[in-house]
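These notes concern the structure reproduced below.
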Amino acid sequence: MHEYRVLDRELIYRGWIYELVAETVEMPGGGTARREFTDHSGAVVAVPVDAQGRVGMIRQYRVPTGEYLWELPAGLRDVEGEDPAVTARRELAEEADLRSDRLHKLGEFYTSPGISNELIHYYLATELSPVAEADLHRRVEEEAHIELVWWELDKALAAVADGQIRNGVCALALNLTRLHLEASK
C-alpha cells in the first residue's frame, strides 16, 4: 500500500467550527496532488428511544439548506478533550431536555470524506428522564424553535425512504438504531 505523505499544509480559512485547508500529498508513482477540504471538529448524535420504543425526533431550521429538517439531537465536539459520550449527553439535554442513564455507542462515521474529515459518533440513548426545570438549557438562534416529537421507529425509517427525512446523519442513525435493536432481541 502506498503511503500518502503530506508534503505541505496551507490554512486557507479559519471559521468557527472548521478550517478550510489545502494539503499537498505524495501520490503513487511519484507525483503530488493538492486537495482542499474542511478540517472539522467532529460531532455526536444521540438517538433517544423511550420505554415504548419510540424515537425522539427534533425539527430544526438549517441555514445552509434553507429549510426545516427532521433530525436527532446532535452537536459539535467543540469542547477540547471532551469524551464523545459526554458531548452526546450534553446535546441530548440541550436540544431535547432529556437525560439518559444508558448510552450505547452505535459507531462512528465520516460524513463526506471526499471534502471533510468530520467524524460523527453515534449513540443510542435509553432509560430517559426529563432534565430538571432548574437545569434546562436556554436555546437561542435556530435552536430556539426546536420541537421534540416522538415517532415510531418504523415511521421514521419510512420517512427516510420517502424523502421526509433528508438529513443523511439522521438517516444513518435511525438505521444503526434499527440494526442494534434487532440484534438485541
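The values are calculated or read from the model by the stated rules, or taken from the named source; none is laboratory data. Note that the structure is predicted; figures quoted are calculated from it, not measured. We place every Cβ from the backbone using ideal geometry, glycine too, and count neighbours over all the protein chains shown. Note: areas computed on protein heavy atoms with side chains; ligands, DNA, RNA excluded. Shrake-Rupley method; radii C 1.70, N 1.55, O 1.52, S 1.80 Å.
I'd like to verify a number: residues in the stretch 107-118 that are of a type outside the set (Ser, Thr, Tyr), part of a strand (DSSP E or B) and either without any contact (Cβ under 8 Å) to a residue 24 or more places away in the chain or open to solvent by 40 Å² or more (accessible area, probe 1.4 Å) (or both), how many? Result for the stretch 107-118: 2.
Looking across the stretch 66-76, the residues that are open to solvent by 30 Å² or more (accessible area, probe 1.4 Å) and either free of Cβ contacts under 8 Å to residues at least 40 places away in the same chain or in a helix (DSSP H, G or I) (or both) come down to GLY66, GLU67, TYR68. Under the condition of being over 15 Å from SER112 (Cβ atoms), open to solvent by 50 Å² or more (accessible area, probe 1.4 Å) and part of a helix (DSSP H, G or I), the residues counted in the stretch 159-172 number 1. Can you confirm whether the stretch 145-155 contains a residue that is open to solvent by 30 Å² or more (accessible area, probe 1.4 Å), within 16 Å of PRO73 (Cα to Cα) and either free of Cβ contacts under 8 Å to residues at least 24 places away in the same chain or in a helix (DSSP H, G or I) (or both)? Within the stretch 145-155, one or more residues are open to solvent by 30 Å² or more (accessible area, probe 1.4 Å), within 16 Å of PRO73 (Cα to Cα) and either free of Cβ contacts under 8 Å to residues at least 24 places away in the same chain or in a helix (DSSP H, G or I) (or both).
There is at least one residue in the stretch 80-98 that is open to solvent by less than 70 Å² (accessible area, probe 1.4 Å), part of a strand (DSSP E or B), in contact with a Leu (Cβ under 7 Å, 6 or more places away or on another chain) and not aromatic (Phe, Trp, Tyr). When the stretch 2-43 is filtered for residues that are under 29 Å from the mean Cα position of the chain (by Cα) and acidic (Asp, Glu), the ones remaining, listed by number, are GLU10, GLU19, GLU23, GLU36, ASP39. Counting only strands (runs of 3 or more DSSP E) that sit wholly inside the stretch 1-50, those with at least 1 residues that are of a type in the set (A, V, I, L, M) and closer than 30 Å to ARG99 by Cβ are 43-48.
To keep it simple, each residue is scored yes or no on (1) open to solvent by 30 Å² or more (accessible area, probe 1.4 Å); (2) touching a residue at least 40 places away in the same chain (Cβ under 8 Å).
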site: ARG5; (1), (2): yes, no
site: ARG9; (1), (2): yes, no
site: TYR18; (1), (2): yes, yes
site: GLY29; (1), (2): yes, no
site: ALA33; (1), (2): no, no
site: ASP39; (1), (2): yes, yes
site: ASP50; (1), (2): no, yes
site: ARG62; (1), (2): yes, yes
